[in-house]
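To start, the structure itself, in structure tokens.
What follows draws every value from the coordinates through simple rules; no lab data is involved. Bear in mind that the values here come from a model prediction, so they are computed numbers and not experimental data. Counting neighbours? That spans all protein chains shown, and the Cβs are built from the backbone with ideal geometry, glycine included.
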Amino acid sequence: MDALKGSTSRGWGFQQIGLENYCFLVVGVLSQAATILLTWPAWQVRHSPPNLPWVAMTPQLSCGLVLLFSLAFVLVSPRKFGMVCFLTVLSFSIGMDQFRCQPQVIAITFMMAACVWLPARGLCLWFLISMWMWAGIHKLISAEWFTHISYGLLSQTAVNPDGVYRGFALLVGLSELGLAIAAWSRPRQAMVGCIGLHCGISVFLLCIGWNASVLPWNLCSAIVGAWLLHHADTNGPDLVQSSLFFPTLPVLRALVVAILIVPMGMYFGLVRHCFAHALYSGNLPLALASRAEGVEVLEVWDDINLPFPNVQSAYRDYFLLTGSVGDKLHIRDPRWGVSSHYYQINSQRKLEELTARLFLKSNALGVVGSAMDDPVSVFQLLRRNTKLIKRSEESGVYAIEFSPDGFSIDLLEILSGLPNLEEIQLADCKVSDEDLRHLAGLSRLVGLGLNRTEVSIAGLHQLVQLPALETVYYNDGEIKKADLISLGGEPRK
């Protein structure tokens with residue numbers, strides 16, 4: 001017997017939706033309230049970081065208290081007024097500030113709606129299946145997840161990540177994808193997996209003391225998600241062995257299909273990652289601002305306990321709000337359907353797109369653009385005993401020194417992920433003439449150390465193609481670019 005049967009729109013509290021539904025609604029409301037309290041600065045009018053409206057000149061209001069009152073009203077009158085009131089307040093709150101559009105807030109809201117309205121229950125279950133499926137897929141196809149992200153997470157525990165971080169990355173991705181398949185094919189059997197996955201994530205985050213704002217979401221998913229799986233409509237009389245019922249009504253079927261395939265649009269810049277279930281997987285745009293006073297990675301964790309909405313338009317809007325004339329912005333986007341971009345704030349305080357070469361040069365105000373390094377390239381180089389040098393913690397790598405021990409030519413292929421590279425030391429490394437072709441795209445390279453290598457004078461000729469190159473250290477001496485040209489090399493027009 002469905003828990004909603006016998007409930008009525010009359011009365012208050014649990015009388016409107018039934019006691020069982022009401023108990024799980026309490027879990028959702030408390031989870032949402034805890035999320036808001038843990039991210040309290042995000043729901044206020046702020047100066048740092050400034051509120052980031054979707055539409056310029058949108059009035060700003062502090063919404064934290066109003067949201068908490070609307071959540072309390074959900075428990076007083078869930079079906080008649082409360083849930084509608086909360087959805088209205090939440091919509092206005094998110095509409096005033098892009099920082100508030102976060103996956104944990106959206107997912108908990110879905111689960112709250114499933115406790116109040118019977119038609120929302122099935123849609124919410126498909127939403128959770130989509131979340132588990134895409135969270136796993138995003139990780140399994142992400143080079144970032146299999147390198148610096150999984151390694152960084154494990155390094156905060158007592159476990160030595162060396163040798164196990166790839167296995168950890170694979171296990172997490174397959175677990176999420178496997179739970180989605182199980183929830184689709186055997187929803188009641190998937191209850192244990194749902195509880196285990198989300199409780200496991202909660203324990204792991206508590207152990208490393210990171211991102212407390214998603215703890216209520218995971219606990220809510222473990223409790224409400226398992227309940228939804230237990231009450232899932234299945235296709236056969238054997239409730240334990242039957243698969244999840246796929247809607248036959250055209251409208252509901254279209255909604256379910258959309259829930260399952262829309263996250264794919266993230267890879268083409270069509271869908272925000274908060275709607276695409278890209279959870280810890282990386283594979284998202286990152287941005288680095290270059291200003292007269294230095295460089296800044298656009299990130300706001302410490303200020304509002306929430307990550308930056310990794311969306312190119314959000315980075316541009318934030319940069320215009322906080323930047324000055326002459327400041328530059330590099331948005332590095334690893335997705336295959338989206339391009340990276342280079343910008344500058346012009347004299348009319350508008351964003352002007354630049355070529356990569358012009359971005360890296362000094363402008364009229366003396367601002368030299370610093371591009372965002374590929375984090376996968378940085379991770380791979382650090383793991384191979386190389387020395388990376390930065391001018392500041394947030395700036396890009398400008399110099400690299402290779403150790404002869406363990407050096408291999410594939411390391412030179414990784415250098416394309418370091419766009420700010422100015423100096424390379426390859427002394428005593430096994431480098432030949434043919435290997436120098438891997439340096440062709442390094443437009444900022446100024447100095448190159450090739451002492452005691454197998455590179456010949458003829459091989460040095462190809463280095464004149466590097467636009468910024470000034471000096472090559474070769475055979476324990478110095479060769480200037482002009483000398484390279486005089487030796488027979490001709491610069492490319």
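Could you derive backbone 3J(HN,Hα) for the range 411-417 from the dihedral phi with the Karplus parameters 6.51, -1.76 and 1.60 (θ = phi - 60°), listing whole Hz in sequence and x where the residue is Gly or Pro?
Couplings: 5, 5, 5, 6, 4, 5, x Hz.
So how do 39-51, 81-93, 223-235 stack up, highest first, on mean other-Cβ count within 10 Å?
The packing order, highest mean first, is 223-235, 81-93, 39-51.
Relative to the Cα centre, what is the charge dipole magnitude of the range 266-401, using +1 at the beta carbon of each Lys and Arg, -1 at the beta carbon of each Asp and Glu, and rounding to the nearest 20 debye?
Values: 15 positive and 15 negative charges, 83 e Å.
In debye, rounded to 20, the range 266-401 gives about 400.
For the range 317-398, how many pairs of lysine residues have a Cα-Cα distance under 25 Å, where the two are 8 or more positions apart or belong to different chains?
Details: 328/350; 328/361; 328/390; 350/361; 361/390.
For the range 317-398, qualifying lysine pairs total 5.
Compute the whole-percent fraction of alpha carbon pairs in the range 286-359 spaced more than 19 Å apart.
32
Find how many whole Å separate the alpha carbon centroid of the range 202-230 from the alpha carbon centroid of the range 324-386.
That distance is 36 Å.
Highest first, please rank the peptides 60-72, 100-112 by the mean number of other Cβ atoms sitting within 10 Å of their residues.
Ranked from most to least packed, the peptides come out as 100-112, 60-72.
Based only on other Cβ atoms within 10 Å, what is the fewest-to-most ordering of 133, 266? Please list the in-between numbers first.
On the way: 133 21, 266 25.
Ranking 133, 266 by Cβ neighbours within 10 Å, fewest first, gives 133, 266.
Out of 157, 96, 436, whose Cα points farthest toward the positive end of the dipole of the chain (charges: +1 Lys, Arg; -1 Asp, Glu; placed on Cβ)?
Looking along the dipole axis, the top candidate is 96.
Treating the Cα atoms of the range 13-276 as identical point scatterers in vacuum, please give the log10 of the normalised Debye intensity I(q)/I(0) at q = 0.10, 0.12 Å⁻¹, two decimals.
-0.55, -0.80
Towards the positive end of the charge dipole of the range 375-486, with charges on Cβ (+1 Lys, Arg; -1 Asp, Glu), say which of 396, 484, 455 has the farthest Cα.
Among 396, 484, 455, the one farthest towards the positive end of the dipole of the range 375-486 is 396.
Please report the relative contact order for the chain, taking Cα pairs under 8 Å with a sequence separation of at least 6, and give it as a percent rounded to a whole number.
Numbers: 870 pairs, mean separation 50.2, N = 493.
Computed over the chain, the figure is 10 percent.
According to a simple spin-label model (label point 7 Å from Cα along Cα-to-Cβ), what is the distance in nm between residue 19 and residue 253?
Computed distance between label sites residue 253 and residue 19 equals 4.0 nm.
So for 416, 150, fewest C-beta neighbours within 10 Å to most, what's the order?
The order, fewest Cβ neighbours first, is 416, 150.
Amide H of residue 232: which non-local residues (sequence gap of 5 or more, or other chain) have their own amide H closer than 5 Å, using H built in the peptide plane?
none
So who's got an amide H within less than 5 Å of the one on residue 403, skipping anything under 5 residues away but keeping other chains? H placed 1.01 Å off N, in plane.
Here the answer is 387, since their amide H atoms fall under 5 Å of that of residue 403.
With θ taken as phi - 60° and the coefficients 6.51, -1.76 and 1.60, list the Karplus ³J(HN,Hα) couplings across the range 90-103 in order, rounded to whole Hz; mark glycine and proline as x.
5, 4, 5, 4, 5, x, 7, 7, 5, 4, 7, 7, 10, x
Give the angle, between 0 and 90 degrees and rounded to the nearest 10, that separates the Cα long axis of helix 250-261 from the longest principal axis of the Cα atoms of the chain.
Compared with the principal axis, the helix lies near 30 degrees.
I'd like the orientation of helix 215-230 relative to the chain: the angle between its Cα long axis and the longest Cα principal axis, in ° from 0 to 90, rounded to 10.
50
What ranking do 290, 339, 395 get, fewest neighbouring Cβ atoms within 10 angstrom at the top?
Fewest to most other Cβ atoms nearby, the residues stand as 339, 395, 290.
Roughly how many debye, to the nearest 20, is the charge dipole of the range 375-486 about its Cα centre, given +1 on each Lys and Arg Cβ, -1 on each Asp and Glu Cβ, and no other charges?
Value, rounded to 20: 220 debye.
Going through the range 392-458, which GluC sites (Glu not before Pro) have at most 13 other Cβ atoms within 10 Å and a DSSP loop state?
Sparse-neighbourhood loop GluC sites (Glu not before Pro): 393, 454.
Using alpha carbons only, how many degrees (0 to 90, rounded to 10) separate the axis of helix 64-76 from the longest principal axis of the chain?
With rounding to tens, the tilt is 30 degrees.
Suppose only helical runs count, i.e. DSSP H with n ≥ 4. What mean residue ellipticity at 222 nm does that imply for the chain under -39500 (n - 2.57) per run, divided by all residues and rounded to the nearest 500 deg cm²/dmol?
Values: 18 runs with 204 residues, N = 493.
Taking each H run of at least 4 residues, the total per residue is -12500 deg cm²/dmol.
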